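The values are calculated or read from the model by the stated rules, or taken from the named source; none is laboratory data. Bear in mind the structure is a predicted one, so any value in this text is a computation, not a measurement. Cβ placement follows ideal geometry from the backbone for every residue including glycine, while neighbour counts extend to all protein chains displayed. Note: accessible area is taken over every heavy atom of the protein model, side chains too, but ligands, DNA and RNA are not part of it. Shrake-Rupley method; radii C 1.70, N 1.55, O 1.52, S 1.80 Å.
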Amino acid sequence: MDSLGAIVFLPRDEGSPCLMLEPILFDSAAAWLSAALERAGVSRFLVVCGEGELAAARPCFPEGTQFVTDDNADAPARLQQFLREVGGQVALFTQPVFLDDQGAGRLLSGELPRGEDSGTYLISAERLSAALQGGEELLPALHAHGRSFGVRPGLFEGLLPLTNTAPCWDSAQDFARFASIARLQAGFSTRPVRFIDKQSVYIGPRVTVGGGTCILPGTILRGETHIGRDCEIGPNAMIRDCEIGDRVTVNASQLNESTVDDDTAVGPFAYVRPNTHVGKGVKVGDFVELKNSTIGDGTKISHLTYVGDSDVGGGVNFGCGTVTVNYDGEKKFRTVIGDRAFIGCNTNLVAPVRIGDGAYTAAGSTITEDVPADSLAIARDRQVVKKNWAARRRGKD
């Protein structure tokens, strides 16, 4: 069965950066292009770039993309092999462009507008292969046998050529800001995503958001982030490379490379660092930092607490000011807290340490040894009261 393919050249002028790899807001034009083409049905990519751009180009394209550097002697043979594998239509990009879902749909449907040549073409893989085998140069073959995406000045039809000039770059930023918003509002479900202020929101090209979710002002969704249904995200939230479940609230907080399950509330002013898994129905409150930890269902971490390198059970209550002391200056150690444990305010848990199921720690304790299940650990000096001490001191003064 024939498939859809794309061949992307990442050219650059001598001494200038590759425009396709320069960030437009947070994501490069190459990332926008590949994401839009994937959603439109492209399943195979071949990217031609310089050796120096290879490391930056790889993350912009899906897994399985073939990369050819412009100094590879076997580049023509690999191009022919790619065209044979595709067999169907090929989208080909020879100049830097910004492409969104609208442009990808126009390109692959063949309904290309007329106008100035943008370096973007649609051509039969078989026809292009035959032309190249017949000795034709690539660009003349594209003009002779393919269709060009024409750009008319002043109009944006889903594709914008990129140059180093500031007005063009500013336009690309504007289109990038609204491209995913328009896609999400169009609705791939019966309940589209709601935006309070579209001008104050940025959503990256590979972000997905479930129906019924409300995006509040100041929200930034980046990378491979997937938001569930009926969530409330923002205001002033940044989420990068995260999996967020349904009915989750993220208020004025930052989350990175982590997972948050259904019905959990995060924030305000929480910081979730990489490799964290927050369970269902969890409360992560103000000035809470989580790192490389698992948090069980129904646990409450309400305020002013650091949980790092820890495995926390379900139904645990963290008092204000709790710290998992995970670093001795040379190595990191883990803390394990069982289900339904109660951690008193201002407790230091010096790892490695285990708190058993249902155990309590007294407020103000520094715990350095394991606490058995259903026990109370007190690790602080006994209070001493010196009566009339303050009155005598005032009298002396």
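If you take all other residues with their beta carbon under 15 Å from the beta carbon of Cys320, and give Lys and Arg +1 and Asp and Glu -1, the sum is 0. Ordering Gly50, Ala30, Val86 by Cα displacement along the dipole of segment 21-130 toward the positive end leaves Val86 in first place; charges were set at the Cβ atoms of Lys, Arg (+1) and Asp, Glu (-1).
Build a GNM of the chain with springs between Cα atoms under 10 Å: which of Asp74, Asp374, Asp100 gets the top mean-square fluctuation? In this elastic network of the chain, the residue with the biggest mean-square fluctuation among Asp74, Asp374, Asp100 is Asp74. Largest accessible area first, the residues His143, His277, His226 order themselves as His143, His277, His226 under a 1.4 Å probe with ligands, DNA and RNA left out.
Dividing the mean sequence gap of close Cα pairs (under 8 Å, 6+ apart) by how many residues the chain holds gives a relative contact order of 7 percent. Solvent-accessible area of Tyr121, all protein chains in place: 0 Å² (probe radius 1.4 Å, heavy atoms, ligands and nucleic acids excluded).
Among the protein heavy atoms, those of Arg58 account for about 120 Å² of accessible surface (1.4 Å probe, every chain in place).
Here's the picture: charge each Lys and Arg Cβ at +1 and each Asp and Glu Cβ at -1 in segment 108-241, and of Leu139, Gly158, Thr219 the one pushed furthest to the positive end of that dipole is Thr219. Lysine pair count for the chain with Cα-Cα distance under 30 Å and sequence separation of 8 or more or different chains is 16.
Among [x] -0.62, -0.70, -0.85, -1.01; [y] -0.47, -0.57, -0.86, -1.03; [z] -0.65, -0.73, -0.96, -1.12, which one is log10 I(q)/I(0) by the Debye sum over Cα atoms at q = 0.07, 0.08, 0.11, 0.13 Å⁻¹ computed from these coordinates? Correct label, based on the coordinates given: [y]. Taking the accessible area of segment 17-148, probe 1.4 Å, and keeping the other protein chains in place, the carbon and sulfur fraction comes to 47%. Using the 1.4 Å probe convention, the accessible area of segment 35-118 works out to 45 Å² per residue with neighbouring protein chains retained. Looking at segment 231-313, the accessible area is 36 square angstrom per residue; that uses a 1.4 Å probe and ignores ligands, DNA and RNA. Put simply, the convex hull of the Cα atoms in segment 195-234 casts, on average, a shadow of 2.4 nm². Normalised by the residues of segment 121-195, what does the relative contact order come to in percent, with Cα pairs under 8 Å and at least six apart? Relative contact order here is 20 percent. Shape summary: segment 125-239 maps onto an equivalent ellipsoid whose semi-axes, from the alpha-carbon gyration tensor, are 38, 18, 12 Å in decreasing order.
All alpha carbon pair distances within segment 178-334 were sorted into 10 Å bins beginning at 0; the resulting P(r) in whole percents reads 12, 43, 29, 13, 3, 0.
With Cα atoms as the point set, segment 48-159 shows a radius of gyration and Dmax of 14.6, 41 Å.
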